[in-house]
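The values are calculated or read from the model by the stated rules, or taken from the named source; none is laboratory data. From a predicted model like this one, the values you see are computed outputs, not experimental measurements. Cβ: placed from backbone, ideal geometry, glycine included. Neighbour counts: every protein chain shown. Surface accessibility is based on the protein's heavy atoms, side chains included, excluding ligands, DNA and RNA. Shrake-Rupley method; radii C 1.70, N 1.55, O 1.52, S 1.80 Å.
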Amino acid sequence: MTHPRVAILISGRGSNMTAILDAAAREDWPCTFALVLSNNADARGLITAAERGISTVVCDHRPYGRARRPEYDAELVRTLQEHAIDWIVLAGFMRILSPVFTRAFPRRILNIHPSLLPRFPGLRTHERALEAGVADHGCSVHLVDESLDGGPLLGQARVPVLPADTPESLAARVLVQEHILYPAVVRAVVSGDLPRLLSEPAGASLDQP
Ligand code: GRF
């Protein structure tokens, strides 16, 4: 059987991408990382991907503007289809995706979000968690559908919020968990385990102590 072809989409430093590529190389996953795509030509993660011999491509969103988002998304879809991509892993890809994109890859797009969804969808999650005074915080991996950060959960990892936390210290503690959780979920999904992840309560098998 041929291995599924995976694309990772990034906008910046790409530390989650790197964690996934490191784990895949260590453990010999049954998939091919066929493409790393960025909307930002200056994304640091593009250099990391190229160093590892993975094809990279930049699809700049700026010529399209917000009004022509569906046209930009059609360009993304075309690019991913040209590379025969089966699974799309969003790893800090800072664009909101329109239905043009999500409908082209139903239940084939994963995202990591830095909060315990459904708490704190959207931006500034660590600041908002501190403002809300929650006792715990964390990250979630979910399937992407047409809702904002609202698709079915595949796994979560939890960290305590400490009295002296700042948004930065909390973000750093959550990021450590992202780098454990996301590779574990991607590995499970490319190995054919999506039905099991969907049938279990979020994070049941992947939650960190
Ligand atoms: C991560 O915090 C991720 O949860 C969010 O964007 C950030 C990306 O960081 N979606 P990196 O580019 O993977 O280092």
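The rows are residues; the columns are (1) within 22 Å of Pro183 (Cβ to Cβ); (2) among the hydroxyl-bearing types (Ser, Thr, Tyr); (3) touching a Cys at 6+ places or on another chain (Cβ under 8 Å).
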site	(1), (2), (3)
His83	yes, no, no
Ile88	yes, no, no
Met94	yes, no, no
Leu97	no, no, no
Phe101	no, no, no
Arg107	yes, no, no
Asn111	yes, no, no
Leu116	yes, no, yes
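Leu154 meets the conditions (1) open to solvent by less than 30 Å² (accessible area, probe 1.4 Å); (2) within 28 Å of Ser55 (Cα to Cα); (3) within 12 Å of the ligand (Cβ to nearest atom) in every case but one. The failed one is (3). The residue pairs whose first member lies in the stretch 85-99 and is outside the structural domain of Ile20 (by TED's automatic domain parsing), whose second member is in a strand (DSSP E or B), and whose beta carbons are closer than 6 Å, counting only pairs six or more residues apart or on different chains, do not exist in this structure. All of (1) assigned to a strand (DSSP E or B); (2) within 11 Å of the ligand (Cβ to nearest atom) hold for Val6 with one exception: (2). Of the residues making up the stretch 16-43, those that are within 16 Å of the ligand (Cβ to nearest atom) and crowded, with 17+ Cβ neighbours inside 10 Å number 15. Pick from the stretch 88-114 the residues that are farther than 14 Å from Gly151 by Cβ and open to solvent by less than 30 Å² (accessible area, probe 1.4 Å): which of them is farthest from the chain's Cα centre (by Cα)? Filtering the stretch 88-114 for residues that are farther than 14 Å from Gly151 by Cβ and open to solvent by less than 30 Å² (accessible area, probe 1.4 Å), the one farthest from the chain's Cα centre (by Cα) comes out as Ser98. Does at least one position in the stretch 58-75 carry a residue that is in a loop (DSSP other than H, G, I, E, B) and either open to solvent by less than 30 Å² (accessible area, probe 1.4 Å) or under 30 Å from Ser169 (Cβ atoms) (or both)? Checked the stretch 58-75: at least one residue is in a loop (DSSP other than H, G, I, E, B) and either open to solvent by less than 30 Å² (accessible area, probe 1.4 Å) or under 30 Å from Ser169 (Cβ atoms) (or both). For the stretch 47-56, the set of residues classified as away from the ligand (no atom under 11 Å from the Cβ) and open to solvent by less than 40 Å² (accessible area, probe 1.4 Å) consists of Ala49, Ile54, listed by residue number.
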